[in-house]
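Inspection log for the structure reproduced underneath, given as structure tokens.
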Amino acid sequence: MNYAELVKRDFTYSFESGLLRWKSYHNGKRYGREVGCLIKDNGVHLGRLQLTWLGRTWMYSKIVWLWIYGEFPEHTVDHIDRNPGNNRVENLRDADRKTQCANRGGIFSCKPIL
């Protein structure tokens, strides 16, 4: 099975809420339970979600993208409304670094990744 098949096997996605739920009993998770947790930095929630699946930690929005489109994004998943907790399909886009930086607002710098 490839990732596109595995993500459909393991999760359901709500287009209304943007949430993933476990589809079956998997790695100690129960059917219907919400997937993922908030990322913390020094005890402070950053608003972004991540999940552990297939022995790896993933950005939540990347797995939502995979569930919807059947492939990983070419670049990175950008939240159009700048709310990293809003993973509804209409709020996500595949964005290169330049596009993502333009969406950040005026107070952030956007340095190149080395």
>> Filter the stretch 54-73 down to the residues that are assigned to a loop (DSSP other than H, G, I, E, B), modelled with pLDDT of 95 or more and over 16 Å from THR12 (Cβ atoms) and list them by number.
In response: GLU71, PHE72, PRO73
> Which residues, taken from the stretch 14-26, are modelled with pLDDT under 75 and out of contact with any Phe, Trp or Tyr (no Cβ under 8 Å at 6 or more places or on another chain)?
Replying inline: HIS26
> In the stretch 1-25, which residues are hydrophobic (A, V, I, L, M, F, W, C), free of Cβ contacts under 8 Å to residues at least 40 places away in the same chain and surrounded by 15 or more Cβ atoms within 10 Å (Cβ to Cβ)?
Replying inline: TRP22
> Between a first residue in the stretch 88-103 that is in a helix (DSSP H, G or I) and a second residue that is of a type outside the set (A, V, I, L, M), which pairs have beta carbons less than 7 Å apart while being 6 or more apart in sequence or on different chains?
Replying inline: VAL89/PHE15; ASN91/HIS79; ASN91/ASP81; THR99/ASP78; GLN100/THR76; GLN100/ASP78; CYS101/CYS110
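Basic (Lys, Arg) and under 12 Å from the mean Cα position of the chain (by Cα): does that describe LYS40?
Working: basic (Lys, Arg): yes; under 12 Å from the mean Cα position of the chain (by Cα): no.
No; evaluated as a whole, the condition is false for this residue.
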> So which pairs qualify, if the first residue must be in the stretch 45-67 and polar (S, T, N, Q), the second must be not in a strand (DSSP E or B), the Cβ gap must be under 8 Å, and the two must be at least 6 apart or on different chains?
Replying inline: GLN50/GLY36; GLN50/TYR60; THR52/ASN27; SER61/PRO84; SER61/ASN87
> Can you name the residue in the stretch 42-82 that is of a type in the set (S, T, N, Q) and loosely packed, with under 12 Cβ neighbours inside 10 Å and is also nearest to LEU20 (Cα to Cα) among such residues?
Replying inline: THR57
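The values are calculated or read from the model by the stated rules, or taken from the named source; none is laboratory data. If you're wondering where the values come from, they're calculated on a predicted model, not measured in any experiment. Cβ coordinates were reconstructed from backbone atoms using ideal geometry, including for glycine residues, and neighbour counts include every protein chain displayed.
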